[in-house]
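**Q** The structure follows.
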Amino acid sequence: MNPSKILFLKGKVFSGSGEGAKFVELSWVRRQIEDRLGFTPYAGTLNIKLTKESVTVKNSLKKANGIEISPAEGFCRGKCFHAYISNLQCAIVIPEIKNYPADVIEVIASVNLREKLNLKNSDSVEVKVIL
């Protein structure tokens, strides 16, 4: 991968509703993540509430070429970007859902990021996004 640009998103870990985990466990989603991102996702996402500055950076990703997750009927489309947290390969997922919070990202990886990085709610994290 030859990145043309690197962006940084900063925020705090928080517990989500569990919807991201349900989505990642769908066979068609797992298959597309494996094919397009190169790893088998852990059945869950790391939720990060972004700083105000990082919300602006996230908004710029809407125009960037991401990796599309094409939905099955009845599901929303999602856009992914290769990323790293503490040198662990991961990807951010931006679901294309109406009213999805502008200040939230979900991160997927092949491992449970909370356990691997010993993260708790309110811990600060920085995500390095590769464009």
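The values are calculated or read from the model by the stated rules, or taken from the named source; none is laboratory data. Everything numeric here is computed off the predicted structure, so don't read it as measured data. Positions of Cβ are generated from backbone atoms using ideal geometry, with glycine treated the same way; all protein chains shown enter the neighbour counts.
**Q** Would the range 27-41 turn up any residue that is in a helix (DSSP H, G or I), in contact (Cβ under 8 Å) with a residue 40 or more places away in the chain, touching a Ser or Thr at 6+ places or on another chain (Cβ under 8 Å) and among the aliphatic types (A, V, I, L, M)?
**A** Yes, there is a match, as at least one residue in the range 27-41 is in a helix (DSSP H, G or I), in contact (Cβ under 8 Å) with a residue 40 or more places away in the chain, touching a Ser or Thr at 6+ places or on another chain (Cβ under 8 Å) and among the aliphatic types (A, V, I, L, M).
**Q** Follow-up. For the range 48-66, how many residues meet the condition of being at pLDDT 95 or above and not polar (S, T, N, Q)?
**A** 8
**Q** Something else now. Look at Gly44 and say whether it is of a type in the set (Gly, Ala, Ser), surrounded by 18 or more Cβ atoms within 10 Å (Cβ to Cβ), more than 20 Å from Asn121 (Cβ to Cβ) and more than 9 Å from the chain's Cα centre (by Cα).
**A** Criteria not met by Gly44.
**Q** Inside the range 86-122, can you point out the residues that are within 18 Å of Val55 (Cβ to Cβ) and either of a type in the set (A, V, I, L, M, F, W, C) or outside any loop (DSSP other than H, G, I, E, B) (or both)?
**A** Ile92, Val93, Ile94, Pro95, Ile97, Ala102, Val104, Ile105, Glu106, Val107
**Q** List the pairs whose first member sits in the range 115-126 and is at positive phi and surrounded by fewer than 14 Cβ atoms within 10 Å (Cβ to Cβ), whose second member is modelled with pLDDT of 95 or more and aliphatic (A, V, I, L, M), and whose Cβ atoms are under 7 Å apart, counting only residues at least 6 apart or on separate chains?
**A** Note: pairs meeting the criteria are Ser122/Val13.
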